[in-house]
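Taken together, the values in this text are just the output of simple stated rules run on the coordinates, not laboratory data. None of the values given here were measured: they were computed from a predicted structure. For neighbour counting, all protein chains shown are included, and Cβ atoms are generated from backbone atoms with ideal geometry for every residue, glycine included.
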Amino acid sequence: MPRSLATVRHVQPRPSGAVSGPAGDLDRAFSDLYQIAQHSTHIFGSPLGPLSVGGESHTVPRFVYFGPQFSDESVRLVFHAGFDGRDARPSRALLHLVERLALKPDLGQGLNLTFFPLVNPSGLARSTLEAAGGQDLTRAHWNLSDSPEIALLSQDARLRAYHGFVRVESAAVTEIVATIRNGSRAGSGNDSVLAGPGDAAGFRVRWFVEKGGDHASSGPLTLADDLPLAPFELRVEVPDVWNDQLYSEAVLQVLKSFIIHYRATYAYGIHL
């Protein structure tokens, strides 16, 4: 069940690993967002950990958003980025979205959203794909992985019972590609209605729907049998040649469009 406002505390740690290499100004972006959260009635900073990775101590940053008029029955979505320590752009883009929600909370009216902008802090510190423990978190099986980062995300997923998982990552594509998968073994038959608009404020998006969530070999859908709901997974791939500004703006617009679309779809579904 969603946590109440009273049970999520403001915490302002310095995100480990976000000070050099591809991180650039990521450390400052985290610090700025924690400052915003201190004064927000909708955004709360509550990192997971600490955890020990390769003999080092790290935390996995987390921000929780309670939209206006949210309730225990509100839609719960979780957003992940920063699996690949060589690329800080997905993390910066997700932080940009969280900041926008803090400044304009009505975007998430009635929603309960969780954000993990930096899943692999030890990899970011080393500018490596793998975490300090040697695991490639982008390909991890969430039910079988021995990665402490994935263990924390899996525990969070079981506790929160999300309706959907959204991942932002870079890929060798020429335009934004968004792929929807359903976690139900039987298949919902309605996956295509989750697909958002093909254009998001000028950014072209190619939508795909993959069937067969019961055959997931990696990612959060490997937890589907352990969850009370059959979640969906949305993977948003952004061209890896785009610069920071274009990348962040594209992610903001695409996820904003998807949130609005999904909220309307969900509201329509429960009134059928």
In percent, how large is the relative contact order of the range 25-270, given Cα pairs closer than 8 Å and 6 or more residues apart?
21
How many nm is it between the label spots at residue 240 and residue 143, if each spot is 7 Å from the Cα in line with the beta carbon?
3.0
Separation in nanometres of the label points that stand 7 Å from Cα toward Cβ, at residue 211 and residue 171:
2.0
I'd like the FRET efficiency for residue 69 and residue 159, computed as 1/(1 + (r/R0)^6) with the beta carbon distance as r and R0 of 25 Å, rounded to 0.05.
0.60
Whole-Å distance, taken between Cα centres, linking the range 97-162 and the range 45-77:
8
Considering only the range 25-270, what is the antiparallel percent among its DSSP beta bridges, to the nearest 5?
45
Local electrostatic count at residue 154 - Lys and Arg +1, Asp and Glu -1, tallied over other residues with Cβ under 13 Å:
-3
Debye, to nearest 20: dipole size of the range 25-270, +1 on Lys, Arg Cβ, -1 on Asp, Glu Cβ
400
Using the alpha carbon gyration tensor of the range 66-190, what are the three equivalent-ellipsoid semi-axes (square root of 5 times each eigenvalue), largest first, in whole Å?
25, 19, 16
Starting with the fewest neighbours, write out 86, 204 ranked by other beta-carbon atoms found within 10 Å of each beta-carbon.
204, 86
Hydrodynamic radius (Kirkwood) for the range 25-270, which is based on Cα pairs only, to one decimal in Å:
18.0
